[in-house]
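The structure appears below as structure tokens.
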Amino acid sequence: MNVSEIINYYVEEGLIQPESTLQNGREYRDYSERDVANLLTIADLRRLFFTIDEIKT
């Protein structure tokens, strides 16, 4: 998996909720500082072998 696929997966799993807009039929996401901080925390937890379900709780 590449980074964009991983981020998409985290969005689908509800771990982060970036703002999204539609332009010319495409969805664009705007990641806040909080989203980025959450992504860094998720990455740290995954390195410590936490599962997605454990991170959600």
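Where a number appears in this text, it was derived from the coordinates with a stated rule and is not lab data. Note that the structure is predicted; figures quoted are calculated from it, not measured. Methodologically, a virtual Cβ is constructed for each residue, glycine included, from the backbone with ideal geometry; neighbour enumeration extends over all protein chains shown.
Report the relative contact order of region 3-56, percent, no decimals, based on alpha-carbon pairs under 8 angstrom and at least 6 residues apart. Before the final figure, lay out each step's value.
Details: 27 pairs, mean separation 12.3, N = 54.
Computed value for region 3-56: 23 percent relative contact order.
Evaluated at 25 °C with a viscosity of 0.890 mPa s, what Stokes-Einstein diffusion coefficient in µm²/s does the chain have when Rh comes from the Kirkwood expression over alpha-carbon pairs? Walk me through the numbers before you get to the answer.
Numbers: Rh = 12.2 Å.
Estimated diffusion coefficient is 201 µm²/s.
Out of the GluC sites (Glu not before Pro) in the chain, which ones are loop residues according to DSSP with at most 13 other C-beta atoms within 10 Å? Can you show the working numbers first?
Values: sites: E5, E12, E13, E19, E27, E33, E54; in loops: E13.
Those that pass, being in a loop and sparsely packed, are E13.
What distance in nm separates the simple spin-label points at I55 and A37, each placed 7 Å from Cα in the Cβ direction?
Between I55 and A37, the simple spin-label model gives 1.7 nm.
So what's the angle, to the nearest 10 degrees on a 0 to 90 scale, between helix 3-12 and the longest Cα principal axis of the chain?
90
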